[in-house]
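The values are calculated or read from the model by the stated rules, or taken from the named source; none is laboratory data. As the structure is a prediction and not an experimental result, all values here were calculated from the model. Neighbour counts are summed over all protein chains in view; Cβ atoms, including those assigned to glycine, are modelled from backbone coordinates with ideal geometry. Ligands, DNA and RNA are stripped out before the accessible areas are found, and what is left, the full protein with its side chains, is counted by its heavy atoms. Shrake-Rupley method; radii C 1.70, N 1.55, O 1.52, S 1.80 Å.
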Amino acid sequence: MINKVQILSVTPPSNLDAYIRIANLWPMLSLEEEKILTKQLRYDSNLDAAKTLILSHLRFVIHISRNYSGYGLLQADLIQEGNIGLMKAVRRFNPEIGVRLVSFAVHWIKSEIHEYVLRNWRIVKVATTKSQRKLFFNLRKTKQRLGWFNEEEIQIVARELGVSSRDVREMESRMSAQDIAFNPLPEEDFDNKTNSSMQYLQDKTSNFANGVEQDNWEEHAAEKLSNALLRLDERSRHIIHARWLDKNKKNTLQTIANDYGISAERVRQLEKNAMKKLKIAIEA
């Protein structure tokens, strides 16, 4: 429903100052006007009402976005994300709950801006859990001095935010760290011993020793199986191969029975005996 509203009307243009001036030209709604529009949207799916509700609250999104200017992100991008939250709030707002739309929308606006900041503040995501998110957006406001916290300040912050002191130390360390460019080098540059971050990365997905061990074990197992098969009589060996070792298809008991002119039950008995002999030979 809200998706059909003209998005260009709520998207900051390249000239941010012009956008802010235009947004401030839209009059604020009175309580009665807001009630009428929200009911038209909720009960009649009136898109013009939705558009008016959104445009009249753009100045509020701009005001909230300014609180996140210290994260090094473009304000136009912050406003655009906040506008997405505003549209979600307008779509979900129930005029019967007895609160103003702006009070309901603040959660959705901040939520979208928070997600955008977390995705784009650093290459490596610094906050994933609920306590980490709380710390990320409150740590700057809670700092009492520049530089690192002392132990007393760590305890105060942890108590005020309801998290552990360990979480405070870890988040402060993450926020103080800097991203390092990966800078993969052309193959010829490695001969010149040019420094690159890639040369110092540890590949935790590969274990050479385990790979060699696995290859040796598979070779050993295949050899033992081959030797064990040689101890079977020709018919039993053919049954095992047809039932389990043929990569193209797995023959049925009846198909093998037809080949030898015996019953399927007899083939099953021969297969069972052959498997027992193989197991004994392999485990020996």
Review point. Out of the residues in region 228-262 that are out of contact with any helix residue (DSSP H, G or I) (no Cβ under 6 Å at 6 or more places or on another chain) and of a type in the set (S, T, N, Q), which is nearest to Glu218 (Cα to Cα)?
Key: Asn248
Review point. Which residues, counting only those in region 42-88, are of a type in the set (Lys, Arg) and within 16 Å of Arg100 (Cα to Cα)?
Key: Arg42, Arg59, Lys88
Practice item. Scan region 242-270 for residues that are closer than 23 Å to Glu283 by Cβ and loosely packed, with under 14 Cβ neighbours inside 10 Å and jot them down. Key: Trp244, Leu245, Gln269
Point to revise | Residues that are farther than 17 Å from Ala18 by Cα and either touching a strand residue (DSSP E or B) at 6+ places or on another chain (Cβ under 8 Å) or open to solvent by 30 Å² or more (accessible area, probe 1.4 Å) (or both), drawn from region 55-80 | key: Asn67, Ser69, Gly70, Gly72, Leu73
**Study point:** Residue count, region 34-48 (criterion: open to solvent by less than 90 Å² (accessible area, probe 1.4 Å) and assigned to a helix (DSSP H, G or I))
**Key:** 8
Review point. Given (1) part of a helix (DSSP H, G or I); (2) at pLDDT 70 or above; (3) open to solvent by 20 Å² or more (accessible area, probe 1.4 Å), where does Val168 come up short, assuming only one miss?
Key: (3)
Review point. Could you list, in sequence order, the residues of region 15-46 that are under 12 Å from Val90 (Cα atoms) and of a type in the set (Gly, Ala, Ser)?
Key: Ser45
Review point. Within region 67-115, restricting attention to residues that are part of a helix (DSSP H, G or I) and of a type in the set (S, T, N, Q), which residue is farthest from Leu37 (Cα to Cα)?
Key: Ser69
Exercise for review: Determine, yes or no, whether Ser14 is more than 25 Å from the chain's Cα centre (by Cα) and at pLDDT below 90.
Suggested key: yes
Check your understanding: Got at least one residue in region 212-221 being surrounded by 13 or more Cβ atoms within 10 Å (Cβ to Cβ) and either in a helix (DSSP H, G or I) or touching a strand residue (DSSP E or B) at 6+ places or on another chain (Cβ under 6 Å) (or both)?
Key -> no
Practice item. Starting from region 221-245, keep only residues that are within 20 Å of Ala257 (Cα to Cα) and among the aromatic types (Phe, Trp, Tyr), then list their pairs with residues that are open to solvent by 60 Å² or more (accessible area, probe 1.4 Å) and modelled with pLDDT under 85 whose Cβ atoms are within a distance under 8 Å, requiring at least 6 positions of separation or different chains. Key: Trp244/Lys250
Review point. Which one is modelled with the highest pLDDT, of the residues in region 249-284 that are outside any helix (DSSP H, G or I) and under 19 Å from Leu225 (Cβ atoms)?
Key: Asn251
